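Working notes, structure below.
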Amino acid sequence: MRKILTSVIVAGILAVGCKKNELNIENPNTPTTQQFWKTTDDAQKGVNAIYSTYHRVGLSRNEFFMTIIRSDEGFSTSPNATLINNFDVFNITDYNLWETTTLWQDCYIGINRANQVLDNVPNITMDDTQKQQLLGEAKFMRGFFYYYLATLWGNVPIMLHTSLPTDHPSSSTQAQVYAQAEQDFTDAAAALPTAYDNANIGRATKGAAYGMLGKSYMQEHKYAEAQQALQWLVEGAGKDLYDLVPDFRSNFIETSENNKESVFEFQNAANPTDSHDDDVQLTDVDRLNYGTSIPPFFAPRPIGFTDGQARRWTVWEFLKEKTTDGKRDPRLAASFIYDSTDERGPDYTMVYGATWTSRNYATVPGDPVGVATNHTVYFRKFLDDATMDGEVFHSGNNYRYLRYADVLLLYAEALNAQGQTGQAYQYVDRVRQRAGLAKLSDAMPGLNQADFLNQLKHERVTELVGEGHRWEDLVRWGDLGPQLATRDAGFANFVKGKNELLPIPQFDLDVNPNLTQNPGW
């Protein structure tokens, strides 16, 4: 089976039956915690329900506005100025803003689903190898959700058991939240297999756990620990399991999912009824949403809504050097739709079956530094233009969250941070050579530690732009600040010591006296 089509169980699997006078009758058609968690099938369904969290609107759409659009590589032109635009320009006044709180809620829904598995599956009599695998998957995904929470909100509650209505967990520090994610990834790496059969492709693997462990350590500047975690994929037992695929573009097309470059990806499946109701899974069990709605929000009008666009400076990064045979970096056309996606210009650039010119989009003459930065560049990597001439609200195109190219660049960064710059070159070279560029060791030999990091910042833009990693990169490098306003005007409003983190939702603060609001909010 190409994708995991998850079986969704009710979040919380609430115990049924309430007392009113003397009446206390259980609904025989509704599962309870006493009836569930008995069999191997129950354990498998419980884990599948954690994966289904990735299809909720916060994780399948809104997270990209916080990781891409809020960073300096993107901006919003949404007509909904009081919503999407205000966190793009760091002007959040509503701490219950739907675009942010949906991701917060989805992460905790996923955590609670994982906690139910971890609380109940150990008591099920079943094959121990399968049991440990399922517990490993639950640990991995709980760690994944805590990684998101640590990166975006920082100081959040850590919950390690099934939620109860009486729970009022205290805020933990960002370091404690990262530590919990790292523990979960460590435990998962010890339990998960290196690969699955075709019926289970897409489940979390040992490589995914080591990759996410390395990413977590990188955000804390624990470079030796990050190197050790990532080493399993780059130089250790996993090095033959992963590689860069020859065609960069194939990493973003539905027909080439789960390839050798994929370390972990969200498994999306197209919904043939294509409902526009984000909560359809709660109201109509026959039309479950297994896809992502991000493509129409990034696609150019009239195909989509264009709530998120790319900054023009990101295009210039690709034009700084040519391939070894004198051509343009092929990753540029794979990353953006703009007036010169086809380098012959707007008359040849195709946008969902029609030329740029015929669609009457704005054109910027040339791309030298100095032209306006906000002229009509669309992120392409999440779009379906390779397979259709339109977009659907529940796309089946998988989100390749962690690619091997990301792992190689992070590994090089970890080595460089420890003064091993000479050894780091080879891993950047692999990424550059796939794009047809000269080896960095030939083009820029002998870089010192600081200059090598500056070059890595460029390499991560050209390889990973529009994939949701720019915000965490800026955080890790300490580059967030008003100085970014030179290429993203919204950063003129950025307040250091405040805007690195999102505000804790007010509705949680109102009901939990043990929570503390983030600094500056």
Taking Ala414, is it in contact (Cβ under 8 Å) with a residue 40 or more places away in the chain, small (Gly, Ala, Ser) and closer than 30 Å to Ser52 by Cβ?
no
Enumeration of residues in segment 417-451 that are touching a residue at least 40 places away in the same chain (Cβ under 8 Å) and touching a helix residue (DSSP H, G or I) at 6+ places or on another chain (Cβ under 9 Å):
Ala417, Gln418, Tyr427, Arg430, Val431, Arg434, Ala435, Leu437, Ala438, Ala443
Do we find that Glu254 is among the charged types (D, E, K, R) and touching a Lys or Arg at 6+ places or on another chain (Cβ under 6 Å) in this structure?
no
From the list Asn268, Asn258, pick out the single residue that is surrounded by 13 or more Cβ atoms within 10 Å (Cβ to Cβ), at pLDDT 95 or above, closer than 26 Å to Tyr352 by Cβ and among the polar types (S, T, N, Q).
Asn258
Evaluate the following for Thr363: is it at pLDDT 95 or above, of a type in the set (S, T, N, Q) and surrounded by fewer than 21 Cβ atoms within 10 Å (Cβ to Cβ)?
no
Picked from segment 380-414 (must be under 15 Å from the mean Cα position of the chain (by Cα) and aromatic (Phe, Trp, Tyr)), the residue surrounded by the fewest Cβ atoms within 10 Å (Cβ to Cβ) is Tyr401
For the list (1) surrounded by fewer than 18 Cβ atoms within 10 Å (Cβ to Cβ); (2) touching a Ser or Thr at 6+ places or on another chain (Cβ under 7 Å), I need the number of the one condition that Gln219 fails.
(1)
In segment 205-250, the residues that are part of a loop (DSSP other than H, G, I, E, B) and within 26 Å of Leu501 (Cβ to Cβ):
Glu220, His221, Lys222
Cβ-Cβ under 7 Å, sequence separation 6+ or interchain: first residue in segment 197-209 and in contact (Cβ under 8 Å) with a residue 24 or more places away in the chain and surrounded by 24 or more Cβ atoms within 10 Å (Cβ to Cβ), partner among the hydroxyl-bearing types (Ser, Thr, Tyr) and part of a helix (DSSP H, G or I). Which pairs?
none
Checking the structure you have, find out if any residue of segment 277-289 is surrounded by 13 or more Cβ atoms within 10 Å (Cβ to Cβ), under 25 Å from the mean Cα position of the chain (by Cα), at pLDDT 90 or above and of a type outside the set (D, E, K, R).
no
Looking only at segment 57-94, and only at residues there that are modelled with pLDDT of 85 or more and aliphatic (A, V, I, L, M), the one that is farthest from Asn397 (Cα to Cα)
Ile92
Of the conditions (1) closer than 21 Å to Val121 by Cα; (2) buried (at least 18 other Cβ atoms within 10 Å of the Cβ), Ser163 satisfies every one except a single condition; which number is it?
(2)
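The values are calculated or read from the model by the stated rules, or taken from the named source; none is laboratory data. In this text, all values refer to a predicted model and were calculated from it rather than measured experimentally. All Cβ positions, even for glycine, are placed from backbone atoms using ideal geometry, and neighbour counts span all protein chains on display.
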